[in-house]
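As structure tokens, the structure follows; a few thoughts come after it.
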Amino acid sequence: MKRRRAKSLITKKHLARAKREQIQRNWIIASAVTTALLIFGILGYGWVDTQIIKPRQPIAIVDGQEISNREFQSRVRLALSPESDPFSVSYRVLNELIDDLLIQQEAHRLEITVNEADIDRAIQRAFGYFPDGTPTSAPTSTPDPTELAEATATSTAGPSLTVEPMSTPGPTATSYTKEAFDENFYNFLEVLADQYEATEADYRAYLEAQLYRERLMETFEDVVAREQEQVWLRHIRVEEREVAEEFLARLDAGEAWEDLAAESSEDLLTKDTGGDLGWLPLMILIERYDQAAALVFEVSIGNIVGPIETQQGWHLFEVIDHGERPLDEYAYFQAVQSEFSSWLSDKRESSDIVLVDN
């Protein structure tokens, strides 16, 4: 008996539908791949924009030289603390970076350089580690990272890199070993990384700027006179103008200055010595008692000036003597700083400084 071949179940209709389904699957796969590529592209661009493009964008341009967003952000992180206002800190940091760049530009013009070995020594100095047993001979202006790390470890407040000149001790043998210094510095860098997202490079850049500032400021020592006009003063300080006027009338009536100062002056440091302030150059006088006190330089010996109002209260000043005298070390350092600050202010005025809105 002859067998019959079974009829094929696959028809042209089936083939057409299968083809349509294959095309649909291909479109779905292509759409998924395209969507995935688009998502990865967006994420990738976001990463590149955040990590590469934006950090390299300038936030300010000073005489054609850029300050990058990366420099700005790293310095802000170092300066921020939990209780600080981010806007005011950012504004201060931006101005510091502009000043730093102006200082470096002038330093390079004068062929003043700072190298990696200089920064290494500055780090050692900041930690109080002196391998040769001899600290620097001039007041420093670098932050103390040892105190910074300890303070950060024991409080919620962040470190402040606002620095003030520190007195320098006399030559002594190193107080601890190289191994101890390395451990302290390593712990300090961990604090920077964990709490401020800052790196060793950020800290070294900060110290480099400080060293340029110090070295450029040293050049101003040649233009500041060691001897300046000074005035020898004594004063009586009270809270109210009426009281100062009453004391002035009593002095005019013949009462002794020393007795009145001891009886009523609110300056506890000088009242028992007749309010004696010693010799003061103009700059220190203004620093202590405001610009109004400069009037004492315009009167002759033996005259009383006042009442003069300052932030401390109302003053009567008596001019004991005045003349050219050598500045003490503190006054001379302040005079150099003042000269340097005046130069920097003028430099900012004359420079082309562009703030980039990005």
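Each value in this text was obtained by applying a stated rule to the coordinates, not by laboratory testing. Everything numeric in this text was worked out from a predicted model, so none of it was measured. All Cβ positions, glycine included, derive from the backbone under ideal geometry; neighbour counts span all protein chains shown.
Annotations for the structure displayed:
- Amide H contacts of residue 228 (H built 1.01 Å from N, under 5 Å, at least 5 apart or other chain): 325, 327
- Cα gyration tensor category, rounded, prolate or oblate, for the range 202-268 with a/c compared to 1.5: prolate
- Additional length obtainable on full extension of the chain from residue 338 to residue 287, 0.36 nm per residue less Cα span: 17.3 nm
- Estimated inter-spin distance, residue 266 and residue 22, nm [label 7 Å along Cα→Cβ]: 9.9 nm
- Here each label is just a point 7 Å from Cα along the line to Cβ, and for residue 110 and residue 225 those points are 2.1 nm apart.
- Extension gain, residue 201 to residue 88: 0.36 nm times the residue separation minus the Cα-Cα distance gives 38.2 nm.
- FRET efficiency, residue 349 to residue 301 (Cβ-Cβ, R0 41 Å, nearest 0.05): 0.55
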